[in-house]
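Please read the structure below before turning to the comments.
Computed from the coordinates by the stated procedures, all read-outs in this text should not be read as laboratory data. These figures come from a predicted structure and were not determined experimentally. All Cβ positions, glycine included, derive from the backbone under ideal geometry; neighbour counts span all protein chains shown.
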Amino acid sequence: MPYQNIALRPGIVRETTSYANEGGWFDCDMIRFRYGLPEKLGGWTKASATAFQGACRSLHNWVAVDGSDYLGLGTNLKFYIEQGNNFYDITPIRRTASLTAAALVTVDTEKTVTVTDPSHGALQNDFVTFTGLSAVNGIPAGDLNKEHQITSVTDSNIYIITVAGAATSTGAGSGGDAFTATYQINTGPNSTAGGTGWGAGLWGGIVSGATATTLNGAISSTSSTSNITLTSSTGFSSGSTTLSSTITDASTSITVASSTGFAESGTITIGSEVIRYSTLTGNVFTGLTRGAFGTTAAAHTGGATVTYLGVVLVDNELITYTGISTNDLTGIARGTRGTSGATHSDGAPVQDARTFIGWGDGSSVTVTNELRLWSQDNYEEDLLFNVRDGAVYIWQKANGVLTAGVDLSTLSGAVDVPVVAKQVLTSDRDGHVICFGTNPVGSITQDPLLVRWSNMESVTDWDITGLTAGDMPLGSGSTFVKAVETKREIVIWTDTALYSMTFVGQPDTFKFTQISNNTTITSPNCVGNVDDVLFWMGRETFYKYDGRVQPLPCPVRFKVFGDLNSDRIKTIYAGVNSEFTEVIWFYPSASAQENDSYVVYNYGENIWYYGKLARTAWLDRGVRNFPQATGVESNPYLYNHENGNDNDGSAISAYVESSQFDIGQGDQFSFVDRLIPDVTFNGSTGTDPAATFTIQARNFPGATYDQSQDASVTRTATTPIQQFTNQAFVRVRGRSISLKVSSDEAGVQWRLGVPRLNIRPDGRR
């Protein structure tokens with residue numbers, strides 16, 4: 001029988017079985033298709049040896065008139081401008097306070113410093129910079145006069161930082177030693193939790209910046225232990241005291257002998273009664289909910305014991321505790337407030353959950369710990385940037401990269417500037433600055449569907465009595481999600497609909513047209529723009545908009561959406577790699593908390609493929625020579641992609657695997673004894689680049705491959721023509737055969753041609 005060419009259909013198909021997809025490709029990682037043939041992806045290198053802080057969710061590149069090349073980069077902790085491979089922290093300043101060293105309290109031999117600053121407004125993980133300090137209790141001035149990340153927040157007046165060197169004495173610093181504390185805007189979380197109303201997962205949510213740690217040791221669902229061990233108990237509250245005087249079952253305040261260790265809001269127990277409080281001022285609890293969580297309000301005598309009742313969230317289980325011993329939570333109760341006891345692995349996330357609303361307190365409010373996202377756009381040479389559901393800021397080029405951004409409303413001449421928004425955008429065609437999901441004029445309350453725009457050619461004038469400024473509420477949906485500017489229009493997504501916003505001039509300025517209803521979108525960053533054709537990821541399918549909305553047929557849809565962590569969809573990020581006609585979506589797989597996978601639509605060849613790669617943001621090649629992307633929070637670097645063949649100097653494992661193919665109707669066994677490879681190693685930097693060809697055989701579609709044999713194909717020369725292994729002898733037998741091509745060595749680049757196999761019938765038994 002003649003040699004059989006292995007010329008397969010381009011792209012990956014997973015909507016059917018491997019056997020039903022005969023003549024195609026079925027699985028892959030770290031490859032793309034070009035001109036219908038699979039090849040290994042290009043590699044990447046660090047754009048800078050310097051790391052940033054946090055998880056990046058936004059990249060924006062522009063060039064100033066003087067040729068300066070800037071990149072805006074927003075993370076959950078900071079906002080940077082990158083220039084010349086250096087990251088400059090331009091995170092806006094929230095507050096500046098004048099304090100004395102007496103506000104700093106140290107403990108002998110410890111590195112923690114307790115800071116008292118009334119109404120500091122800080123959250124755990126926020127950043128504060130001290131200037132003007134001398135040494136305090138043995139801690140050198142150089143260890144104090146710098147930026148600090150807040151370790152934990154005790155209450156509205158006190159927080160804790162950690163310094164490099166330990167103190168040599170216990171007590172407060174010298175009261176006459178003045179210094180300045182400068183606070184950046186509050187940091188944001190790197191995940192989203194919580195929900196709205198009855199039935200939205202766990203009841204309620206966690207406040208932004210809640211203390212978090214991990215389990216130190218696994219616990220089972222039936223564990224009867226009286227304590228659980230944390231990696232660190234720093235920031236978790238615990239306290240016990242006594243009543244200063246008798247209270248009745250209707251008392252609206254409670255005075256205790258000492259409030260040391262109690263959180264500024266939370267829950268206490270007195271006898272059999274559980275009491276929630278919203279405020280702790282000095283030694284007085286107010287904002288009480290008596291008889292909480294199914295208990296009964298009662299009178300209590302002076303001197304009665306008052307115990308702080310803490311609650312933590314471990315995965316999806318709420319656990320209460322009454323004490324802390326080193327890193328052990330003691331006096332625990334499992335599966336409280338409507339949750340169930342569950343098994344938790346060593347290292348499982350643990351969060352302070354004192355703000356959860358339990359079964360005893362019916363509530364329909366929204367309590368959300370929202371993923372920190374940014375939007376960016378230029379206004380001339382300056383940069384407008386907005387933290388989602390926060391203020392709009394501006395960085396002015398004239399002030400330089402060492403100057404922080406400022407709130408847009410603080411600029412001279414600012415009139416009616418929005419104080420909160422979900423996204424900011426500059427309409428290049430007509431010179432308006434537009435805010436989406438913003439506050440109405442005269443109000444500070446955010447309207448999630450309101451669109452407002454400035455007067456033409458002004459970043460500060462939002463007076464709607466002016467010539468062109470105005471606003472428009474969107475009619476469909478519950479919240480704004482995303483806006484993208486094209487040459488024709490601005491396309492706007494709500495959670496249920498798609499709108500077109502077009503400039504029409506006075507008196508209306510903009511016209512709004514609903515394009516589609518019942519259209520879903522997963523995240524604000526999941527839209528890719530290719531020459532004004534928009535591609536995005538919906539809840540169960542992909543979409544395309546080129547003047548009309550169309551579902552995008554996807555032969556790997558079940559593979560992607562069946563392996564998607566739906567609780568983390570707001571991390572999804574779409575990027576365009578125009579050199580290879582690709583739209584890429586980075587997403588979290590079902591077992592991941594962060595983007596660890598990708599799926600690609602090759603719009604030039606109308607095919608799909610996928611793989612594993614942890615990236616949180618992507619920017620196409622433009623001003624810069626390479627596409628750029630960012631690693632996850634544990635790998636906080638900016639990378640140049642399509643640069644070399646490797647993973648920043650390490651090998652990339654890549655493969656593509658065919659579906660099964662057989663002789664005739666699969667009623668005969670096939671015997672393969674020879675492989676004639678066809679491959680090119682152009683672009684390889686290794687001395688002897690190689691790829692492994694694996695022939696696999698099995699007897700039934702549902703069986704595992706029971707025979708396989710590898711053949712290494714190695715480049716042997718490049719002149720006068722490229723030469724590689726001529727043939728490889730293999731021996732596999734089965735009813736169906738598949739081909740896999742892979743590589744896992746550094747410096748290798750390969751592109752498959754049309755290999756041939758010597759296949760002959762080998763009987764029916």
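Data table
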| read-out | value |
| --- | --- |
| Qualifying aspartates and glutamates (Cα of each under 16 Å from Cα of Lys559; at least 8 residues distant if same chain) | Glu15, Asp27, Asp29, Glu540, Asp596, Glu657 |
| Point-to-point label distance, Asn647-Thr252, nm (Cα→Cβ direction, 7 Å offset) | 6.1 |
| Exposure proxy order (Cβ contacts within 10 Å, fewest to most) of Ser443, Ser684 | Ser443, Ser684 |
| Links that overshoot a 28 Å alpha carbon limit, given the list Lys146/Lys612; Lys422/Lys511; Lys146/Lys482 | Lys146/Lys612; Lys146/Lys482 |
| For the chain, fraction of C-alpha pairs farther apart than 39 Å, in % | 49 |
| Cα-projected label distance for Asn517 with Ser412, points at 7 Å along beta-carbon direction, nm | 5.1 |
| Gain in span if fully extended, Gln668 to Ala298, counting 0.36 nm per residue against the direct Cα distance | 124.9 nm |
| Neighbour net charge for Glu15 - beta-carbon separation under 12 angstrom, K R +1, D E -1 | +3 |
| Helix-only [θ]222 nm of the chain, DSSP H runs n ≥ 4, -39500 (n - 2.57) each, per residue, nearest 500 | 0 deg cm²/dmol |
| Gained length - Ser272 relative to Asp531, 0.36 nm times residue gap less alpha-carbon distance | 86.6 nm |
| Thr109/Asp546 FRET efficiency (R0 60 Å; Cβ-Cβ; nearest 0.05) | 0.35 |
| Cut-off 12 Å between beta-carbons: net charge of the residues surrounding Ser443, Lys and Arg +1, Asp and Glu -1 | -2 |
| Nearest-0.05 FRET efficiency for Lys487 and Glu15, computed from C-beta distance (R0 41 Å) | 0.75 |
| Ascending count of other beta-carbon atoms within 10 Å, so fewest first, for Thr75, Thr513, Thr519 | Thr513, Thr519, Thr75 |
| Contour excess over end-to-end distance, with Cα ends at Asn327 and Asn86 and 0.36 nm allotted per residue | 82.8 nm |
| Loop-exposed chymotrypsin sites (Phe, Trp or Tyr not before Pro) per DSSP, neighbour cap 11 Cβ within 10 angstrom, longest uninterrupted part of the chain | 199-765 |
| Ile676/Ser48 FRET efficiency (R0 41 Å; Cβ-Cβ; nearest 0.05) | 0.35 |
| Estimated inter-spin distance, Thr162 and Asp762, nm [label 7 Å along Cα→Cβ] | 6.1 |
| Total formal charge among the other residues, if their Cβ is under 11 angstrom from that of Asp471, Lys/Arg +1 and Asp/Glu -1 | -1 |
